[in-house]
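S.K.: Once you've had a glance at the structure underneath, I'll fire off some questions.
Derivation of every value follows stated rules applied to the coordinates shown; laboratory data play no part. It should be emphasised that the depicted structure is a prediction, and the values quoted were computed from it without experimental measurement. For neighbour counting, all protein chains shown are included, and Cβ atoms are generated from backbone atoms with ideal geometry for every residue, glycine included.
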Amino acid sequence: MIKSLLVANRGEIACRIFRTARRLGIRTVAVFSDADALARHTRVADEALHIGPAAARESYLDMGRILEAARLSGAEAIHPGYGFLSENARFAQACTDAGVKFVGPPAAAIAALGSKIVAKTRMCAAGVPVLPGYAGSEQDLGHLERAARAAGLPLIIKPASGGGGKGMQIVRQESELAAALGAARRLAESAFGDGALLLERYLPAPRHVEVQVFADTQGNFVHLGDRDCSTQRRHQKLIEEAPAPALPEEVRARLRAAALVVAREIGYVSAGTVEFLFDGRECYFMEMNTRLQVEHTVTEAVTGVDLVEWQLRIASGEPLPLSQEEVRLQGHAIEARVCAEDPEHGFLPSAGRLALLEWPEMESVRVDAGFASGDTVPDCYDSLLGKVIAWAPGREQAAARLAAALTRTYCAGVRTNERWLARILRSPRFLEVRHDISLLEKSAAEFAGPSAAAPEVLILAALAADMSARAAHGSRPVTPWELTDGFTPNLPAQVGYRFAWAGRRHTVELEYADGQAAAGTLDARTRLAVADVTLTTGTIAARLGERRWHARCRLEGTHVYLWCGTDQYELLLDDPRTQEFAASAATGGLTTPLPGVVVSVAVAVGQKVAAGEVLMVIEAMKMEHTISAPYAGTVGTIHFARGDRVPEASELLELARAKA
Ligand code: ADP
């Protein structure tokens, strides 16, 4: 067995690989960029080496620096994780050339499968079902257009060297074809350095199913069952499960056999995933991923196998620990990817300091996290904070358990998607397996958070704010805008809170008697008797009217977070000292909703713009966000230039409103 391992990655996957390595007595080495100097993966490793600036291309994607770190630390092997250099044949080769073991397949296998065109052509020849289309070497745009017409519409155009769902274009009408091919070519060239395109019949509502395969250097192959990853947004997986549900047994058998054909055909070694689309009748080969997948955890939960351990054993030259007959599948497991993004605002990536990130602790629930309370989420990498995985004997129970676990995940300071994912898991569509890869394109709004709150919830939020403030500042509230009792200034008889929630303003008046909260009035209308209020370890509880309510809560500056039942409420307090509320309302769309880098400035000082006109483009977390004019006006001072880094909530430019 290898003695020391460098993980050329970050976040949850680096932490997860270190866990297994530690268990096997392997010395662990982390690498980190400037943005990750204090990251969790650097703290859990035995050693951590700096490899460069925040930009991935100069750190996590820089082969030279990573190999140098391996040399300096004396690491015997490198595990690439997923993403970054994990499917880079040149990197696998460079490791071998430097005398370091690459924990993954041989460079030749990565190269063979790196091109979707080559992979698809070989699989088709080996008798594996593929979707019709064009996967040829003649790549002239005119030729592709003719091939597309011959294949028929709708079609999907994919960059041959692409990954992560990037750059794919769907063509439904002939009139869109030429433009789509042109755009796909440009994107493929700029993002993947290879303009080659693959055309394939587009299935409107398939499911994504895949098979986990494993091979050793002695020529043994096994599969560890199948998974379904149909809950996707923009072709990115969000919820994954094992085994794939509602799959006819003969299809499942064919799928698994085809996956092994693919692995053998390529001379594969280590962990790999063969991906298929299932149209309700047949499974079609899509591609093979030559690395550990994000969703490997659900396979681990149903097989009891530690996939990273198998990878390390195989890299050390050992044979596969189990034969196909010895692989046993038990129960059902579902994973949800908790990401720093805001489902209520177009899934804008969210970055910054995690004032709170508390993961669930429940039986049969596993958490693979890369972040915890107090950590900072950088804006330059992907948004995955961690994964929550639930196992149960059956699928319905696993879904319920996972939804409950996600509801017991508490995050403040950064926007996250766990409650949105829990709503999907509880939906009849998901539970009855009536979902497919288009679910979230069509029905994202169905899973939106609450737009109305019970008066009790808002009164509870005010009580939480008031109690937290009293606890933090003796008995004096921190944000009183109205104190009406002149006799006992430390214990005012009435305190008012004004806040914004879900685009509306509310007021809550709390009345105290003998130092105890006695009543709460929402918006001068709904008055409820209050009794027995307690605030302990971040939980507020109170009797409101006849019912006892409790909720997790947290006060962060002017934000009150309340987690009540399955929902999360984030209230913005109107704090007269900071005027934050007023400022953000007054500047409208001109402040940046998230930290990032200015990609372009579309206007100049003194320019007149119409409402809706693009002012600036900000890139954050690998996505571009357009800042457009909220009203017609004239551009005043521009505070940032192209290439500048902007902190959250910064004013970008001044825009004098045009006179009506
Ligand atoms: P990438 O390597 O970029 O991830 P894939 O070929 O694996 O690209 O496809 C990613 C996703 O795109 C799939 O999970 C599926 O949602 C969608 N997709 C790919 N091919 C098709 C197709 N022929 N019809 C419909 N959807 C497709």
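S.K.: Which order results if Leu224, Leu460, Leu431 are arranged by neighbouring Cβ count within 10 Å, fewest first?
M.R.: On the way: Leu224 24, Leu460 29, Leu431 16.
Exposure proxy ranking, most exposed first: Leu431, Leu224, Leu460.
S.K.: Okay, moving on. Quick one: of Lys116/Lys442; Lys116/Lys387; Lys120/Lys237; Lys3/Lys116, which pairs are farther than 26 Å apart, Cα to Cα? Walk me through the intermediate numbers first.
M.R.: Working: Lys116/Lys442 28 Å; Lys116/Lys387 28 Å; Lys120/Lys237 22 Å; Lys3/Lys116 36 Å.
Check vs 26 Å cut-off fails for Lys116/Lys442; Lys116/Lys387; Lys3/Lys116.
S.K.: Find the all-direction average of the projected area of the Cα convex hull for segment 67-147, expressing the result in square nanometres with one decimal place.
M.R.: 7.3
S.K.: Once both axes come from the Cα atoms, what is the angle between helix 174-192 and the longest principal axis of the chain, in degrees from 0 to 90, rounded to 10?
M.R.: Value to nearest ten degrees: 90.
S.K.: Another question about this same structure. Given H placed 1.01 Å from N in the peptide plane, which residues other than close sequence neighbours of Lys101 have an amide H under 5 Å from its amide H?
M.R.: Correct list: Ala77, Ile78.
S.K.: Report the label-to-label distance for Arg19 and Thr217 in nanometres (one decimal), using points 7 Å from each Cα along the Cα→Cβ vector.
M.R.: 2.8
S.K.: Along the charge dipole of the chain, which of Phe347, Leu555, Leu187 sits closest to the positive end, that is, farthest toward it, with unit charges on the beta carbon of Lys, Arg, Asp and Glu (+1, +1, -1, -1)?
M.R.: Toward the positive end, the furthest listed residue is Leu187.
S.K.: Still on this structure, I have one more. Once both axes come from the Cα atoms, what is the angle between helix 141-151 and the longest principal axis of the chain, in degrees from 0 to 90, rounded to 10?
M.R.: 90
S.K.: How long is the gain from Asp514 to Lys442 if the chain were fully straight, where each residue apart is worth 0.36 nm and the alpha carbon distance is subtracted? Mind dumping the intermediate values first?
M.R.: Working: separation 72, 0.36 × 72 = 25.92 nm, distance 5.45 nm.
Result: 20.5 nm gained on full extension.
S.K.: How big is the Cα convex hull of the chain in projection, averaged over all directions, in nm²?
M.R.: On the way: hull surface 131.0 nm².
The orientation-averaged projected area of the Cα hull of the chain comes to 32.7 nm².
S.K.: Right, something else. Out of the trypsin sites (Lys or Arg not before Pro) in segment 127-214, which ones are loop residues according to DSSP with at most 16 other C-beta atoms within 10 Å? Walk me through the numbers before you get to the answer.
M.R.: Details: sites: Arg146, Arg149, Lys166, Arg172, Arg185, Arg186, Arg201, Arg207; in loops: Lys166, Arg172.
Hits after loop and neighbour filter: Lys166, Arg172.
S.K.: Between segment 185-205 and segment 258-321, how many Å separate their Cα centres?
M.R.: 24
S.K.: Okay, moving on. Enumerate the amide H contacts of Leu197 below 5 Å, restricted to partners 5 or more residues apart or on another chain; note that Pro and chain-start residues carry no placed amide H.
M.R.: Ala160
S.K.: Just flag the trypsin sites (Lys or Arg not before Pro) in segment 361-434 sitting in loop per DSSP whose Cβ has no more than 12 other Cβ atoms within 10 Å. Walk me through the numbers on the way to the answer.
M.R.: On the way: sites: Arg366, Lys387, Arg395, Arg401, Arg408, Arg415, Arg419, Arg423, Arg426, Arg429, Arg434; in loops: Arg408, Arg415, Arg426, Arg434.
Answer in residue order: Arg434.
S.K.: Next question. Got a sec? How would Asp46, Asp375 order by Cβ neighbour count within 10 Å, fewest to most?
M.R.: Details: Asp46 15, Asp375 20.
Exposure proxy ranking, most exposed first: Asp46, Asp375.
S.K.: Give me Rg/Rg_expected for segment 71-222, where Rg uses Cα atoms only and Rg_expected = 2.2 N^0.38 Å with N residues. Provide the component values of the computation, followed by the final result.
M.R.: Details: Rg = 18.0 Å, N = 152, 2.2 N^0.38 = 14.8 Å.
With N residues counted in segment 71-222, Rg over 2.2 N^0.38 Å equals 1.21.
S.K.: What does the C-alpha gyration tensor say about the overall shape of segment 217-297? Classify as rounded when a/c is under 1.5, otherwise prolate if a/b is larger than b/c, or oblate. Walk me through the numbers on the way to the answer.
M.R.: Details: a/c = 1.86, a/b = 1.30, b/c = 1.43.
Oblate, because a/c is 1.5 or more while a/b does not exceed b/c.
S.K.: Let me ask you something else. Using the Cα gyration tensor of segment 302-435, with a ≥ b ≥ c the square roots of its eigenvalues, what is the shape: rounded (a/c below 1.5), prolate (a/b larger than b/c) or oblate (neither)?
M.R.: Values: a/c = 2.32, a/b = 1.38, b/c = 1.69.
The shape class here is oblate.
S.K.: What's the ranking of 445-455, 104-114 by average number of surrounding C-beta atoms within 10 Å, highest first? Before the final figure, lay out the partial values.
M.R.: Working: 445-455: 13.9, 104-114: 21.8.
Per-residue mean Cβ counts within 10 Å order the peptides as 104-114, 445-455.
S.K.: Kindly express, to the nearest 10 degrees and within the range 0 to 90, the angle between helix 249-266's C-alpha long axis and the longest C-alpha principal axis of the chain.
M.R.: It works out to around 60 degrees.
S.K.: Give the order of Phe285, Phe192 when sorted by the count of other beta carbons within 10 angstrom, beginning with the fewest. Intermediate results must be reported in sequence, preceding the final value.
M.R.: On the way: Phe285 24, Phe192 17.
By the 10 Å Cβ count, ascending, the order reads Phe192, Phe285.
S.K.: Now, a different point. Under the √(5λ) rule applied to the eigenvalues of the Cα gyration tensor, what semi-axes describe the equivalent ellipsoid of segment 208-447? Give them in Å, descending.
M.R.: 30, 21, 16
S.K.: Average the reciprocal distances over every distinct pair of alpha-carbons in segment 4-103, invert the result, and give the Kirkwood radius in Å. Present the calculation step by step, with values, prior to reporting the outcome.
M.R.: Values: mean 1/r = 0.0775 Å⁻¹.
Computed over segment 4-103, the radius equals 12.9 Å.
S.K.: Consider a paramagnetic label point 7 Å from the Cα of Arg547 along Cα→Cβ; state which residues of segment 436-452 have an amide N under 19 Å from it.
M.R.: Counting backbone N atoms under 19 Å from the label point, the list is 450-452.
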